[in-house]
1. Can you list which of the trypsin sites (Lys or Arg not before Pro) found in the range 1-71 are DSSP loop residues with at most 14 other C-beta atoms within 10 Å?
2. How would you rank 294-302, 231-239, highest first, on the average number of other Cβ atoms within 10 Å across their residues?
3. What pairs from Lys2/Lys138; Lys66/Lys328; Lys60/Lys282; Lys181/Lys328; Lys60/Lys232; Lys232/Lys328 go past 29 Å between their alpha carbons?
4. Take Lys199, Lys328 and sort them by solvent-accessible surface of the protein heavy atoms, 1.4 Å probe, largest at the top.
5. Taking Rh as the Kirkwood radius computed over C-alpha pairs, what is the Stokes-Einstein D of the range 32-124 at 25 °C in a medium of viscosity 0.890 mPa s, expressed in µm² per second?
6. Using the alpha carbons of the range 263-346, what is the convex hull volume per residue in cubic angstrom, as a whole number?
7. Provide the packing ranking of 101-107, 135-141, 74-80, i.e. peptides ordered by the mean count of other C-beta atoms within 10 Å per residue, highest first.
8. Order Glu224, Glu279 by their accessible area, 1.4 angstrom probe, all chains in place, largest first.
Amino acid sequence: MKRTIAVLFGGCSSEYDVSLQSAYSVSKAISTENYNRMMIGITREGDWYLYEGALEWIPKDTWRSKGPCIPAQISLNRQEHGLLIFREGEKECIPLDGVLPILHGKNGEDGTVQGVCELAGIPVIGCGSLASALCMDKHRAHLLARQAGVEIPRGICYEAGTSLELIEAEAEGLGYPLFVKPLRAGSSFGITKVDSREKLGQAIEQAFAHDSTVIVEELVEGFEVGCAVIGKNQLITGRADEIELSKGFFDYTEKYTLKTSQIHMPARVSVATESRIQETAKQIYRALGCSGFARVDMFLRPDGTLVFNEINTIPGFTSHSRFPNMMKGVGYSFEEVVALLLEEGL
């Protein structure tokens, strides 16, 4: 029998638009011979709908007005194990075999949605609530990676209300240039590269606009590399990739336009170095309790040292995104990657 999968897209997040693109690509790749696919759209305001229109309206963000949308929510009754829909005043519960969140950033990638599904007793395809929350928190993710023996950048966390004078004084110990980041935000929102004390205050203010805690972090010399990881016990890794920057850093604009940067897949490193990247990615993945899939990002210093940067538990998933391209490097088509994620998750 076909299994029923709910794909969550959109979300009450600053990364709403990115989710639409990823969910469209993933949903097209799901085999309708093996799965009943249900599309659950979440608006920017946080309203949930069963979307029954054409997939093509999703990336254009016209799904809410173009296609039939029925109010819906996950049933927290573990006996129902499904999705409640409210069609013309009538309530119906559709049993679900799994939920695949293709949501980026807050209220989707941070363990909130995963927790709802776990309460409902519905399998989550991807990382669970604990791993999702930990990976979203840059500071705690770094602490756990360090406990596992992986080097991390030097950084200091500050809560809202901390005096700028204190931050400026302590930033001197890290040296300039440095990075100011919201503690829990994705797609580089609110991140600023700061090259002088005079610019630190504005960067701090911008980061606090995205989170109540910010982290001031040293700049790590070298370049960024990443590695896709799939699985729970037996892990599969993709090829490592490399981000080549001509200026600045890999911010939101660069991630989705590549105006002044380039991604090399595979990374321009030796076979031995790529193997170390893959093994370190698995080491971090396990240390943070990940399952299903994730992309692990690190810095490769000129001396060959690997420094952990972050984990994306729901990485970008369009046909040209980094994660599927890494898996393509080891022989998996986009459709095969999606099929593998569903099989692993269920």
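The values are calculated or read from the model by the stated rules, or taken from the named source; none is laboratory data. Predicted, not measured: the structure shown is a model, and the values here were computed from it. Backbone-built Cβ (ideal geometry, glycine too); neighbour counts: all protein chains shown. SASA here: full protein model, heavy atoms, side chains in, ligands and nucleic acids out. Shrake-Rupley method; radii C 1.70, N 1.55, O 1.52, S 1.80 Å.
1. Working: sites: Lys2, Arg3, Lys28, Arg37, Arg44, Lys60, Arg64, Lys66; in loops: Lys2, Arg44, Lys60.
Sparse-neighbourhood loop trypsin sites (Lys or Arg not before Pro): Lys2, Arg44, Lys60.
2. Values: 294-302: 21.3, 231-239: 16.3.
Output ranking for 294-302, 231-239: 294-302, 231-239.
3. Details: Lys2/Lys138 39 Å; Lys66/Lys328 34 Å; Lys60/Lys282 36 Å; Lys181/Lys328 31 Å; Lys60/Lys232 34 Å; Lys232/Lys328 20 Å.
Result: Lys2/Lys138; Lys66/Lys328; Lys60/Lys282; Lys181/Lys328; Lys60/Lys232 exceed 29 Å.
4. Working: Lys199 110, Lys328 140 Å².
Of Lys199, Lys328, the descending order of accessible area is Lys328, Lys199.
5. Details: Rh = 14.0 Å.
Rounded, D is 176 µm²/s.
6. Details: hull volume 8.4 nm³, N = 84.
It comes to 100 Å³ per residue, whole-number rounded.
7. Values: 101-107: 24.7, 135-141: 21.9, 74-80: 14.9.
Packing proxy ranking, top to bottom: 101-107, 135-141, 74-80.
8. Details: Glu224 30, Glu279 100 Å².
Sorted descending by solvent-accessible area, the residues read Glu279, Glu224.
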